[in-house]
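The values are calculated or read from the model by the stated rules, or taken from the named source; none is laboratory data. Small disclaimer: the values here were computed from a predicted structure and weren't measured. When we count neighbours, we look across all protein chains shown, and the Cβ atoms used for this are built from the backbone with ideal geometry, even at glycine. Keep in mind that these areas ignore ligands, DNA and RNA; they rest on the heavy atoms of the full protein, side chains included. Shrake-Rupley method; radii C 1.70, N 1.55, O 1.52, S 1.80 Å.
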Amino acid sequence: LALPIAFQNLLTSCGTLVDTAMIVGLGNAATSAMGVASRFGFLLNVICFGFASGCSALLSQYWGAKDRKNIFRCLGFALSVALGFGVLYAGALALFPSQLACIFTDEAQAIPLAASYLRTFAAAVPFLIVSQVLCICLRSVECVRLPLVSSGIAVAVNIAANYCLIGGHFGFPALGLRGAAWGTFLSYSVQSLFLIV
């Protein structure tokens, strides 16, 4: 169980790293804006981990007792609470991106860039929540391969989408920092759909 979980956590952490590495060529302001925006993604990951970890202890007990009914009930509760919070979080990112970016920087050039990333990233929030909660809950019932495979797919989709959308390759528009946000959206949406299926 330990190795797949460790690799899956490593791949999950790679999401923001990939975005940052691929926008370095856009200049210092874009890199700084990415650093600001990534803090909101990190905060959301920590919150999702908190929601799912509380559920995880119960799921492990239900799994040991072979109580499938309460496993699904507990998972449904964790997803409902996390998604309820996610709606508020996404709404704040979409409606007040500049104000939120100002919390972590006072650079005049970085704030509008971070705001454009956060506005697009808001669409990824529900998918990020679903994928993170499902990954943690699946690991609680000794299903470690699916989260690992889904994280690998998510990183691959993120890299491919970033390559196409940041610089405008293969006929796609060059969206710069917003392209990195769309890459994040695509990666989490594919991961969550893969896990649900």
Check your understanding: Does A30 satisfy the criteria of being under 15 Å from the mean Cα position of the chain (by Cα), at pLDDT below 85 and open to solvent by less than 60 Å² (accessible area, probe 1.4 Å)?
Key -> no
Practice item. Could you check, for region 103-122, whether at least one of its residues is under 15 Å from the mean Cα position of the chain (by Cα), open to solvent by 50 Å² or more (accessible area, probe 1.4 Å) and of a type in the set (K, R)? Key: yes
Check your understanding: Can F49 be described as under 15 Å from L128 (Cα atoms) and of a type outside the set (D, E)?
Key -> yes
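Filter region 68-93 down to the residues that are among the aliphatic types (A, V, I, L, M), open to solvent by 40 Å² or more (accessible area, probe 1.4 Å) and in contact (Cβ under 8 Å) with a residue 12 or more places away in the chain and list them by number. Even if it seems obvious, please write down each step before you answer.
Taking region 68-93 and keeping what is among the aliphatic types (A, V, I, L, M), we get 71, 75, 78-79, 81-83, 87-88, 90, 92-93.
This time we only want the ones that are open to solvent by 40 Å² or more (accessible area, probe 1.4 Å), so: 81, 83, 87-88.
Matches in region 68-93: V81, L83, V87.
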Review point. Taking the condition in a helix (DSSP H, G or I) and under 19 Å from A37 (Cα atoms), does A161 pass?
Key: yes
Review point. Which of the residues that make up region 123-136 are in contact with a Pro (Cβ under 9 Å, 6 or more places away or on another chain) and open to solvent by 10 Å² or more (accessible area, probe 1.4 Å)?
Key: L134, I136
Check your understanding: For I47, which of the numbered conditions (1) more than 14 Å from the chain's Cα centre (by Cα); (2) open to solvent by 40 Å² or more (accessible area, probe 1.4 Å) fails to hold?
Key -> (1)
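Among the residues of region 131-138, is any within 22 Å of G25 (Cα to Cα), part of a helix (DSSP H, G or I) and touching a helix residue (DSSP H, G or I) at 6+ places or on another chain (Cβ under 6 Å)? Steps first, please.
Residues of region 131-138 that are within 22 Å of G25 (Cα to Cα), as a first pass: none.
Taking every residue of region 131-138 in turn, none turns out to be within 22 Å of G25 (Cα to Cα), part of a helix (DSSP H, G or I) and touching a helix residue (DSSP H, G or I) at 6+ places or on another chain (Cβ under 6 Å).
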Point to revise | E142, sole failed condition from (1) farther than 29 Å from I71 by Cα; (2) outside any helix (DSSP H, G or I); (3) not aromatic (F, W, Y) | key: (1)
Practice item. Look at L43 and say whether it is at pLDDT below 90 and either aliphatic (A, V, I, L, M) or out of contact with any strand residue (DSSP E or B) (no Cβ under 7 Å at 6 or more places or on another chain) (or both). Key: yes
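Residue under question is A174, and the condition is that it be open to solvent by less than 10 Å² (accessible area, probe 1.4 Å), at pLDDT below 90 and either of a type in the set (V, I, T) or out of contact with any strand residue (DSSP E or B) (no Cβ under 9 Å at 6 or more places or on another chain) (or both); does it hold? Walk me through how you get there before you give the answer.
Working: open to solvent by less than 10 Å² (accessible area, probe 1.4 Å): no; at pLDDT below 90: yes; either of a type in the set (V, I, T) or out of contact with any strand residue (DSSP E or B) (no Cβ under 9 Å at 6 or more places or on another chain) (or both): yes.
So A174 does not fit the description; no.
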